[in-house]
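A.B. asks: I have a structure I would like to understand better, so I am pasting it below and will then ask my questions one at a time.
The values are calculated or read from the model by the stated rules, or taken from the named source; none is laboratory data. Computed from a predicted structure; not experimentally measured. Cβ placement follows ideal geometry from the backbone for every residue including glycine, while neighbour counts extend to all protein chains displayed.
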Amino acid sequence: MHSTTQSWTRTALALSAGLATATMAGVPSVADAKKSKKKKVAHVQLTGVKSLDKVFKPLKKLDKLVTKAQKSRRKGAANINTALGLRKGTSMNAAMKHLRSQAQGKVRVTMQGGTPQLKATDALPPNIAAGVEAANTAIQSYAESVASLAKVPKQANKLVKQAQKMPAQLKSDLLSNPTQAIAIARNLGVVKDNIKAAVQIPKRATKVTKNLNKDLRLMVTTFGGKWPPI
């Protein structure tokens, strides 16, 4: 029995050391940051270990919010281009210039529930009317995404700090209940990847918010409105 306890304890200590290494690995160097530009974005995953998921679960929610906003931006731009008959990948700037040109002064900005919307003042060709509708859908979606991401960087940074303290916290937890070592050991790779993914969430949220606001400004100011509206 004594031998078994010592074995569990050694495993727990080894795991704590491994998590410390994983935490340090989760802070990317400049070289890693350059390489990561070509890599697919990593996402936070749950481990099934309560002590870990207490931090990873809210991080996963924030991760999903950022991903949802990124998808919303891509979808909005694609729908506008499709409606206007423009080629895939046409920039928002070019799409709005095309819409303004084809609308011939028949589109203006109005406010609905605090959000700018484009409104036709006269009949428009079907594809231009569809472009206005697609732009309005994008404006609404983008504005909602910007609002949903407002607190993400601050919340994520706070949780990241907690994640980076896991080795010290887990060392104590594992020594008092070393049978958890096996469960956590199985998820060591996930823990390492989660920390790497988590440190990117604030940057991703800030970047997508900046891009959403840029597109919103283009869609609204092209037709005489202001963004932000206040």
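A.B. asks: Within the range 122-149, work out how many residues are over 13 Å from residue 220 (Cβ atoms) and in contact with a strand residue (DSSP E or B) (Cβ under 6 Å, 6 or more places away or on another chain).
C.D. replies: Within the range 122-149, the first condition is being over 13 Å from residue 220 (Cβ atoms), and the residues that meet it are 122-131, 133-134, 137, 141, 144-145, 147-149.
Filter once more, so that each one left must be in contact with a strand residue (DSSP E or B) (Cβ under 6 Å, 6 or more places away or on another chain): none.
Result for the range 122-149: 0.
A.B. asks: Hey, can you tell me all the residues within the range 101-138 that are part of a helix (DSSP H, G or I) and touching a residue at least 24 places away in the same chain (Cβ under 8 Å)?
C.D. replies: Residues of the range 101-138 part of a helix (DSSP H, G or I): 101-103, 126-138.
The answer is 102, 103, 127, 128, 130, 131, 132, 133, 134, 135, 137, 138.
A.B. asks: Need pairs with beta-carbon distance below 6 Å; first residue touching a residue at least 12 places away in the same chain (Cβ under 8 Å) and within the range 191-215, second surrounded by fewer than 22 Cβ atoms within 10 Å (Cβ to Cβ) and of a type in the set (S, T, N, Q); sequence gap 6+ or separate chains.
C.D. replies: So the pair list comes out as 195/23; 202/157; 208/70.
A.B. asks: Would you check which residues across the range 215-230 are surrounded by fewer than 15 Cβ atoms within 10 Å (Cβ to Cβ) and either part of a helix (DSSP H, G or I) or within 22 Å of the chain's Cα centre (by Cα) (or both) and list them?
C.D. replies: 221, 228
A.B. asks: Could you say which residue among 163, 143, 156 is touching a Leu at 6+ places or on another chain (Cβ under 6 Å) and either in contact (Cβ under 8 Å) with a residue 60 or more places away in the chain or not aliphatic (A, V, I, L, M) (or both)? Spell out the reasoning first.
C.D. replies: Numbers: 163 fails: touching a Leu at 6+ places or on another chain (Cβ under 6 Å); 143 fails: touching a Leu at 6+ places or on another chain (Cβ under 6 Å).
Step by step, each of 163, 143, 156 is checked, and only 156 is touching a Leu at 6+ places or on another chain (Cβ under 6 Å) and either in contact (Cβ under 8 Å) with a residue 60 or more places away in the chain or not aliphatic (A, V, I, L, M) (or both).
Condition check ((1) outside any loop (DSSP other than H, G, I, E, B); (2) surrounded by fewer than 20 Cβ atoms within 10 Å (Cβ to Cβ); (3) under 22 Å from the mean Cα position of the chain (by Cα); (4) in contact (Cβ under 8 Å) with a residue 24 or more places away in the chain) across all residues:
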position: 48; (1), (2), (3), (4): no, yes, no, yes
position: 53; (1), (2), (3), (4): yes, yes, yes, no
position: 56; (1), (2), (3), (4): yes, no, yes, yes
position: 74; (1), (2), (3), (4): yes, yes, yes, no
position: 81; (1), (2), (3), (4): yes, no, no, no
position: 90; (1), (2), (3), (4): no, yes, no, no
position: 99; (1), (2), (3), (4): yes, no, no, yes
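A.B. asks: Any idea which of (1) surrounded by fewer than 16 Cβ atoms within 10 Å (Cβ to Cβ); (2) more than 18 Å from residue 81 (Cα to Cα); (3) at pLDDT 95 or above is the one residue 188 doesn't satisfy?
C.D. replies: So the condition that residue 188 fails would be (3).
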